[in-house]
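Have a look at the structure below, then the notes.
Please treat every number below as a calculation from the coordinates, not as lab data. Just so it is clear, the model here is predicted, and its values are computed rather than measured. Virtual Cβ from ideal backbone geometry, glycine too; neighbours counted across all protein chains shown.
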Amino acid sequence: MTPDTQDDPIISQIKQELNNGLDQLDPAISNRLREGRVKALEQIQPKPFWGWLFIHPGQLAGFATAVVLLVIVLHWRPSGPVLSENRVEELELVAQQGSLDMYKELDFYVWLAKSER
């Protein structure tokens, strides 16, 4: 309860009437109420850290599936574009020359390649 409700006279009167009724309860009913209270409090208490180790088989299968899918997605890479032999030769030519001057007059080299065919 909040501090504001503790001072309320109606709440105090209700508590007093309920506590008076406890004295008149059958001991068997009182024991059942006490056991129910203990069970309810046990459910509220946090589970220990190692409690996650005892997973149901269905949950374990779902977790394993999620891990496998995550690994597949992280390691899956689509294959890169396939270079034709002409492209490979062009790349080798550029790499061997080590000069980028060829790109300044790229139109001339395109014309030269077309005229050689």
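Taking the Cα-to-Cβ direction at Glu42 and at Glu89 and moving 7 Å from each Cα, how far apart do the two end points lie in nm?
Going from the Glu42 label point to the Glu89 one covers 8.3 nm.
Would you work out which of Gln13, Leu25, Gly36 lies farthest towards the positive end of the dipole of region 7-48, given +1 charges on the beta-carbon of Lys and Arg and -1 on that of Asp and Glu, about the Cα centre?
Ranked along the dipole, the leading option is Gly36.
Rounded to the nearest 0.05, what FRET efficiency is calculated for Asn19 and Phe63 with R0 set to 41 Å and r the Cβ-Cβ distance? Present the calculation step by step, with values, prior to reporting the outcome.
Working: r = 49 Å, r/R0 = 1.20.
Once the sixth-power term is evaluated, E becomes 0.25.
Could you tell me the extents of region 7-48's C-alpha atoms along the three principal axes, largest first, rounded to whole Å?
41, 30, 7 Å, listed from the longest principal axis down.
Determine the gain in length on full extension of the stretch Ser115-Asp7; use 0.36 nm per residue of separation and subtract their C-alpha separation, reporting nm with one decimal.
Details: separation 108, 0.36 × 108 = 38.88 nm, distance 10.19 nm.
Contour length minus Cα-Cα distance gives 28.7 nm.
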